[in-house]
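Engineer: Once you've had a glance at the structure underneath, I'll fire off some questions.
Throughout, read-outs are computed from the coordinates displayed, never taken from laboratory work. Being a predicted model, the structure only gives us computed values, none of them experimental. We place every Cβ from the backbone using ideal geometry, glycine too, and count neighbours over all the protein chains shown.
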Amino acid sequence: MNRLLTPIVLFAALSTGAAAQTTDGPAPTQNQIVVTAQRSGAPMWTIDTPTGTIILVGEIRAVPKTTPWQPDRLKEATAEASRVIIRARPKFSPGDVFRLIFRGGRFTKLPDDQVAGDYLDAQQRARLAALEVEYDVDYDRRSFLMTGFDLLARRLDFDDDTTDDATDVVRKAADRADVPITRPERFRGEDLLDNLAEAPPASHIPCLEAAMSATEQGQTIIDARGRDWRTFDIPAVMANPLEVALGTCWPWADAELGEEIRDSWTSMIAAAATDEGVTLAVVPLRVLAEPDGVLDELERQGFDIGGPDWRG
C-alpha cells in the first residue's frame, strides 16, 4: 500500500468504527440470534433451556460452491452468541510424524506380500479392477483405507470447488468478536496412529466398498448432497453415497473412536444447557443425525429438540 494513503485508510477505518459504536442499538435477543443463524440456510436444531438457547448446526465437510447457503448470516449469529463449540483437530507431535514415517507401510500397504484378492471376494475385486482400469492406477497392494481415500479425494474429487465449512466460518467469526470457543478434547496423534496401525486390513473393506459405490455413481452425488443439506432433507443427506462413504471410513466407523467422539459431543452439549445466553455448536451432521447419534441421545436425556426431521 502507498505510505501516503495509510493514514487516510487508518482514519477511515477508525471513523467507521466510531460511527458504528454510536449507532449500535440494543443487543439482539436470543430469538433474534437464532433467526439470524437460521437465515444462513444451514440445517440446525435448537434446544431451549431454563437459562438460554443451544443452536446445533449440522455440518457437512466440503460444501460445494453450487450450494446456495449464506455463511455471512452464520457469522452474524456467531458474533452475538455467548459461546461457541466447534470440533478440534487431532494433536500431532513431531514424534508422531517420525512414527508415521517409520511405520508408514503399515498404513499405506497391505501386510507382507498380500494383495487385494487375498481379502476381497470375486465381485469386490472385479469392481476394484474396473476402477483401476478407468483411472489407470494399481490398487492391488495398497491398504483398503488408502484406496478408499484415494477414490473419494482424487477420483471422485469430492472436495474440489468448495466453500468454507461451517466450522471455519464460526471459528473466524468468533475470533474476530472475542466469543469464547470450546472444543472437544483433542485426540493425541500417537493414539490415533496406534489405533490405525492395529486395525486389521479386513476392517477397512466396508470403507473400500462405500468409496467404490460413491465413485461409481460419479460427481452428481456431490451436488445432490449439498442440495439436500441446504433443503434440510437430512435423511437424504445421510443416505447419499458420498456421506455414507465418509461416515464408513476411519475414524468414524471405528467402534472405540466413534463412540468416544459421540459421547464427547453429547456431554458438551448437555453441559451447555446450564449456561446462560446462546451457545452455538457446529457438529458433524453424521454425528448428530445417525441412528443413536447425538440428537437421539439428547432426546433420550429429556431435551426438547426443535428443527428438521433427522430420522426420515
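Engineer: ³J(HN,Hα) across region 60-70 via Karplus (A = 6.51, B = -1.76, C = 1.60, θ = phi - 60°), whole Hz, x for Gly/Pro?
Structural biologist: Coupling constants for region 60-70: 10, 7, 6, 6, x, 5, 6, 7, x, 10, 10 Hz.
Engineer: For Arg142, what residues show an amide H to amide H distance below 5 Å, using hydrogens built from the backbone and excluding near sequence neighbours?
Structural biologist: The list, which skips near neighbours in sequence, is Leu110.
Engineer: Another question, if that's okay. Give me the net charge for the shell around Asp140: Cβ to Cβ below 12 angstrom, other residues only, Lys and Arg +1, Asp and Glu -1.
Structural biologist: Working: positive: Lys109, Arg125, Arg141, Arg142; negative: Asp113, Asp118, Glu132, Asp138.
Within the 12 Å Cβ shell, the charges total 0.
Engineer: Return the aspartates and glutamates within reach of Lys75: Cα separation strictly under 16 angstrom, same-chain partners fewer than 8 residues apart disregarded; answer none if there are no such residues.
Structural biologist: Glu59, Asp164, Asp165, Asp168, Asp175, Asp178
Engineer: Report, in whole Å, the centroid distance computed from the Cα atoms of region 164-185 and region 291-312.
Structural biologist: About 24 Å separates the Cα centre of region 164-185 from the one of region 291-312.
Engineer: List every residue whose amide H lies under 5 Å from the amide H of Gly41, counting only residues 5 or more places away in sequence or on a different chain, with H placed 1.01 Å from N in the peptide plane.
Structural biologist: Amide H to amide H, under 5 Å and 5 or more residues apart or across chains, Gly41 pairs with Gln70.
Engineer: If amide H atoms are built 1.01 Å from N in the plane of the peptide, which residues on other chains or at least 5 residues away come under 5 Å of the amide H of Glu59?
Structural biologist: Sorted by chain and number, the residues that satisfy this are Val283, Leu285.
Engineer: Using Cβ contacts closer than 10 Å as the measure, can you line up Ser143, Ser267 from fewest to most?
Structural biologist: Values: Ser143 23, Ser267 13.
Least to most surrounded, the residues fall as Ser267, Ser143.
Engineer: Still on this model: Once the piece of chain linking Glu260 and Asp164 is laid out straight, how much longer is it, given 0.36 nm per residue of separation minus the C-alpha distance between them?
Structural biologist: Gain on extension, Glu260 to Asp164, equals 31.9 nm.
Engineer: If you stretched the chain out fully between Lys65 and Lys109, how much longer would it get, using 0.36 nm times the residue separation minus the C-alpha to C-alpha distance?
Structural biologist: 12.4 nm
Engineer: Can you pull the one-decimal nm distance between simple spin-label points at Val133 and Thr29, each 7 Å off the Cα toward Cβ?
Structural biologist: Label at Val133, label at Thr29, 6.5 nm between them.
Engineer: Which net charge results for the neighbourhood of Leu288, defined as the other residues with beta-carbon distances under 11 angstrom from its beta-carbon, given Lys and Arg at +1 and Asp and Glu at -1?
Structural biologist: -2
Engineer: Under a Cβ-only charge scheme (Lys and Arg +1, Asp and Glu -1), can you give me the dipole magnitude of region 31-306 about the Cα centre, in debye to the nearest 20?
Structural biologist: For region 31-306, the charge dipole is close to 680 debye.
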